[in-house]
Amino acid sequence: MTTKSVSIKFKAKNIINIREEICKKKKDYWTNIRNTNLLSTKEVKEGYRKYDLKSLYNEIMQMSDKLVYIKGMLATLNMGQTKFDKDAFKKTNNYSIFMYTEYMEAIAQLKMIPTLDPATKAKKGGAAKMGKNEVFTSAKIASLIKELNLKAIKFKNNLETFNTNTEIDLGNSSEMFKNDVTA
């Protein structure tokens with residue numbers, strides 16, 4: 001039995017609303033992670049950490065992937081096209097640009113998460129003995145940043161290849177740029 005794919009049509013304003021909602025939710029989740037990653041054990045017992053921070057992080061990364069396609073849809077519409085092909089979009093330079101920026105944003109956000117100093121934590125015998133609790137340790141954040149950097153490099157390399165190898169024929173606009181041409 002085969003399943004029939006369903007085609008959905010959105011107006012640009014609907015896509016923009018989805019984008020804004022995702023951006024707002026991501027911002028709220030990052031703020032929650034930053035504000036509740038490092039708490040005293042008393043604050044944890046009092047329920048200040050309402051959410052599973054690792055789940056929030058995973059949701060953020062899923063929203064980032066979705067956001068890339070939302071941006072792709074808007075770019076498609078802005079070029080006067082009214083049909084979005086996800087697979088074709090993944091082969092474009094815009095996909096690399098949007099993925100790269102999402103990974104770089106995540107890296108910047110991870111760097112803002114407060115953690116215990118590893119040397120101090122080791123010297124005092126661990127976070128519990130310091131009366132502190134952290135979900136994302138500095139080692140975990142470093143690991144996540146390394147993973148994201150590797151993914152980002154792939155897209156940065158794609159961008160460099162595109163920028164180095166792609167040309168545009170200026171046609172009747174050539175006259176305007178004739179003084180800018182370098183050999």
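Observations on the model:
- The set of residues in region 118-142 that are touching a Leu at 6+ places or on another chain (Cβ under 7 Å) and touching a residue at least 24 places away in the same chain (Cβ under 8 Å) comprises Lys132, Asn133, Glu134, Val135, Phe136, Ile141.
- Region 1-32, residues that are under 30 Å from Tyr48 (Cβ atoms) and either of a type outside the set (Val, Ile, Thr) or exposed (fewer than 13 other Cβ atoms within 10 Å of the Cβ) (or both): Glu20, Glu21, Cys23, Lys24, Lys25, Lys26, Lys27, Asp28, Tyr29, Trp30, Thr31, Asn32
- Residues being among the charged types (D, E, K, R) and either farther than 22 Å from Glu20 by Cα or at pLDDT below 95 (or both) - total across region 30-66: 8
- Residues located in region 76-93, provided they are part of a helix (DSSP H, G or I), polar (S, T, N, Q) and either in contact (Cβ under 8 Å) with a residue 40 or more places away in the chain or surrounded by fewer than 18 Cβ atoms within 10 Å (Cβ to Cβ) (or both): Asn78, Asn93
- Just so you know, in region 25-53 the residues that are β-branched (Val, Ile, Thr) and within 18 Å of Gly126 (Cβ to Cβ) include one that is farthest from the chain's Cα centre (by Cα), and it is Thr41.
- Condition check for Thr115: in contact with a Leu (Cβ under 8 Å, 6 or more places away or on another chain), touching a residue at least 60 places away in the same chain (Cβ under 8 Å) and within 30 Å of Leu39 (Cα to Cα): yes
- For region 94-115, the set of residues classified as loosely packed, with under 11 Cβ neighbours inside 10 Å and of a type in the set (S, T, N, Q) is empty.
Okay, residues lined up against (1) over 23 Å from the mean Cα position of the chain (by Cα); (2) within 23 Å of Cys23 (Cβ to Cβ):
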{"site": "Met79", "(1), (2)": "yes, yes"}
{"site": "Lys90", "(1), (2)": "no, yes"}
{"site": "Ile113", "(1), (2)": "no, yes"}
{"site": "Lys123", "(1), (2)": "yes, no"}
{"site": "Ala128", "(1), (2)": "yes, no"}
{"site": "Ser138", "(1), (2)": "no, no"}
{"site": "Leu148", "(1), (2)": "no, yes"}
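- Leading residue by the ranking (nearest to Ile60 (Cα to Cα)) among those in region 110-163 that are in contact with a strand residue (DSSP E or B) (Cβ under 7 Å, 6 or more places away or on another chain) and part of a loop (DSSP other than H, G, I, E, B): Pro114
- Single residue of Phe177, Phe136 found to be of a type in the set (Phe, Trp, Tyr) and farther than 30 Å from Lys27 by Cβ: Phe177
- Ile168 being free of Cβ contacts under 8 Å to residues at least 12 places away in the same chain, among the aliphatic types (A, V, I, L, M), farther than 18 Å from Leu38 by Cα and in a helix (DSSP H, G or I): no
- Residue in region 54-64 that is surrounded by fewer than 15 Cβ atoms within 10 Å (Cβ to Cβ) and of a type in the set (Lys, Arg) present: yes
The values are calculated or read from the model by the stated rules, or taken from the named source; none is laboratory data. Computed from a predicted model, the values in this text were never measured in an experiment. All Cβ positions, even for glycine, are placed from backbone atoms using ideal geometry, and neighbour counts span all protein chains on display.
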